[in-house]
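To start, the structure itself, in structure tokens.
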Amino acid sequence: MQKNSVAVVGAAETTKMGKIPDVSVIGLHADAALNAMADAGLTPADIDGVATAGISPVELAHYLGIKPTYADGTSVGGCSFMLHVRHAAAAIAAGHAKTILITHGESGRSRVGAGGFARAPSSLMGQFEMPFGPVGPPTMFTVPVLRYMKTYGVTEEDLANVAVIQREWAAKNPRASFKDPITVDDVLNSPMIAWPYRMLMCCLVTDGGGALILTSADRAKDFPNKPVYVLGTGESVETPMVSQMYDFTSSTAFKISGAKAFDEAGIKHSDVDHLMIYDAFAHLPLYGLEDLGFVKPGEAKDFIRERNTAIGGKLPVNTNGGGLSYMHSGMYGMYALQESVRQMRGTAAAQIEGAKISVAHGVGGMFASSGTVIFTNEK
Amino acid sequence: MARILPEPTPETQHFWDGARNGELLLQRNKATGQAYFPPRPFDPNTGSRDVEVFKASGKAVLWSYVINHRPRPDMGTEPYAIAVVKLEEGPTMMTNIVGCPQTPEALVLDMPLEVVFEKFSDTISLPFFQPAKS
């Protein structure tokens, strides 16, 4: 795909975030979609492409009264929306659709109109993982980490440090769920979930949603907001079973997705002004910084401890507070994309002055999949 | 509450039959000898269908784990370790570690382990690992 040929012209989150017991899952999709359309000055009649995960694009299109020429139901976990952006950019370039709506909505906390997490006992995960006691992502996504810690000398304090620094960012964000400062000791004294993971090393569980609208770059200047161009994208998938990762100290899917996005964008790591790394748990930014190539294997703990990713650091990371402090409805990738778009528009709560290139990197499942989108505000 | 148990498929039935008979059965590529897991009727490294089932040594090392404190009624009592072992033949496998306190002090990465089987129903025995005696 040609660089910068497609732009985000509409972007919004749900009106409320956090605890929304009076809106169902599809209602959250619709609220975010209508907010994004208002942001772009559009109505459903202007949308000719839809993409979503969690629910079917059929449900989304019909609920909003859209009769599309393009539908993408790619559902590979919380990074699905990165893949939707990638596929939408290709579809617009190919002429399959002109104006594509991507939505996310999840009643993660209130569970209004939400499905379950059950795995078929005949699936490979059902046969070869579930009998051994996993209780959701906090006990599965975390399984490889002791091997990573032993390999690179990473400590529980290093994991805690990720949460502490992200809370500093969250303090600047009025919409963040948790804003009060925390210390490494606070994290290490929070309730035990699955050793070595304490509660404050795990993401929030909230209700919310978000939506993006993409169109071709030549039309983008006619919209009310500053266009945010898609400079490069990547995607990959690895394994449905965390126990079968190719390497417990690194995500193969991160490496493939990230390398592809940087190659498409034709940029160096030093060109990146702002970075979002999907942080369902405190180790994700460590793996992400290393597997995307910002630092060498094993160096992320020191890079974070030296405050390079913190306020005033040379590579601001997870500036909305992240899944650890901002919000996490279950498929957080949409919120990482939203923060990248805000940073490129210049409207973020913790705005990085002069930022021109932002990377939003997502994970799906438990190291199952990955998607990377590189945005710029310069054509 | 009864333990959550696997439901074998035609492609995995031999593994669970082996477990019921106290044998850890893996598959390997007949040409290269490379073992793989979980079961499937071809070698994911090459795509070759020329594979065979064989009895693994049952030896492994502790590769990684967490100690779960969240309630899961069918498991009995928390905390317990959800572990991944690295088998002598190469593949990794999720399991539980038995015959050993469920503490960071007792569960040391790379400690040698050996397979044991526990019967849960007429058709299903689960492969667990315990500290190696030999």
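Below, the figures for the structure above:
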| item | result |
| --- | --- |
| Rounded to the nearest 20 debye, dipole of the stretch B:53-134 from Cβ charges on Lys, Arg, Asp, Glu | 60 |
| Of A:THR347, A:PHE281, A:PRO134, farthest towards positive along the dipole that unit charges on Lys, Arg, Asp, Glu beta carbons give the protein assembly as shown | A:THR347 |
| Shielding by partners - mean other protein chain Cβ count within 10 Å, residues of A:139-147 | 6 |
| The protein assembly as shown - percent of accessible surface contributed by carbon and sulfur, probe 1.4 Å | 53 |
| Accessible area expressed per residue, the stretch B:57-116, with surrounding protein chains retained (probe 1.4 Å, Å²) | 37 |
| Relative packing of B:119-127, A:353-361, which averages over residues the other C-beta atoms within 10 Å, highest first | A:353-361, B:119-127 |
| Exercise: per-residue mean of other protein chain Cβ atoms within 10 Å, B:57-67 | 5 |
| Using θ = phi - 60° and Karplus 6.51 cos²θ - 1.76 cosθ + 1.60, couplings along the stretch B:120-131 (whole Hz; Gly, Pro as x) | 10, 7, 5, 10, 10, 10, 9, x, 10, 10, 10, x |
| Highest-fluctuation residue, A:VAL143, A:VAL50, A:VAL85 considered, GNM on chain A with Cα pairs under 10 Å | A:VAL143 |
| Per-residue mean of C-beta atoms belonging to partner chains within 10 Å, peptide B:85-93 | 2 |
| Low-density loop cleavage sites - GluC sites (Glu not before Pro) in the stretch B:28-102, where at most 16 other Cβ are within 10 Å (DSSP) | B:GLU88 |
| Rounded FRET efficiency, nearest 0.05, which uses the C-beta distance separating A:ASP185 from B:ASN21 and R0 of 56 Å | 0.60 |
| Residue (of B:THR95, B:HIS69, B:VAL115) at the positive-pole extreme of the stretch B:62-120, dipole from beta-carbon charges | B:HIS69 |
| Interface size B-A, as summed buried accessible area [1.4 Å probe, Å², nearest 100] | 3000 |
| Contour excess over end-to-end distance, with Cα ends at A:ALA118 and A:TYR63 and 0.36 nm allotted per residue | 17.2 nm |
| Estimated [θ] at 222 nm from DSSP helical runs (n ≥ 4, -39500 (n - 2.57)) normalised by residues in the protein assembly as shown, nearest 500 | -7000 deg cm²/dmol |
| Residue among A:SER56, A:SER80, A:SER340 with the largest mean-square fluctuation in a Gaussian network model of chain A, springs linking Cα atoms under 10 Å | A:SER56 |
| Model label zone, A:ARG305; criterion: amide N under 18 Å from point 7 Å along Cα-to-beta-carbon; scope the stretch A:154-187 | A:154-166, A:183-187 |
| Chain A: most fluctuating residue of A:GLU157, A:GLU238, A:GLU106 per GNM, C-alpha cutoff 10 Å | A:GLU157 |
| For peptides B:44-51, A:65-72, A:331-338, sequence by mean Cβ density within 10 Å, most packed first | A:331-338, A:65-72, B:44-51 |
| Karplus (6.51, -1.76, 1.60) ³J(HN,Hα), θ = phi - 60°, over the stretch A:349-360, in Hz, Gly and Pro reported as x | 5, 10, 5, 8, 4, x, 5, 10, 10, 10, 10, 10 |
| Point-charge dipole on Cβ atoms (K/R +1, D/E -1) for chain A, about Cα centre, debye to 20 | 260 |
| Farthest toward positive dipole pole in the protein assembly as shown [+1 Lys/Arg, -1 Asp/Glu at C-beta], among A:VAL50, A:PRO196, A:PRO181 | A:VAL50 |
| Solvent-accessible heavy-atom area per residue, rounded to whole Å², over chain A at 1.4 Å | 34 |
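The values are calculated or read from the model by the stated rules, or taken from the named source; none is laboratory data. Predicted model only: the values in this text are computed from it and were never measured. Because the Cβ atoms are built from the backbone with ideal geometry, glycine has one as well, and the counts that use them run over all protein chains shown. Please note that ligands, DNA and RNA were not included when accessible areas were found on the heavy atoms of the full protein model with its side chains. Shrake-Rupley method; radii C 1.70, N 1.55, O 1.52, S 1.80 Å.
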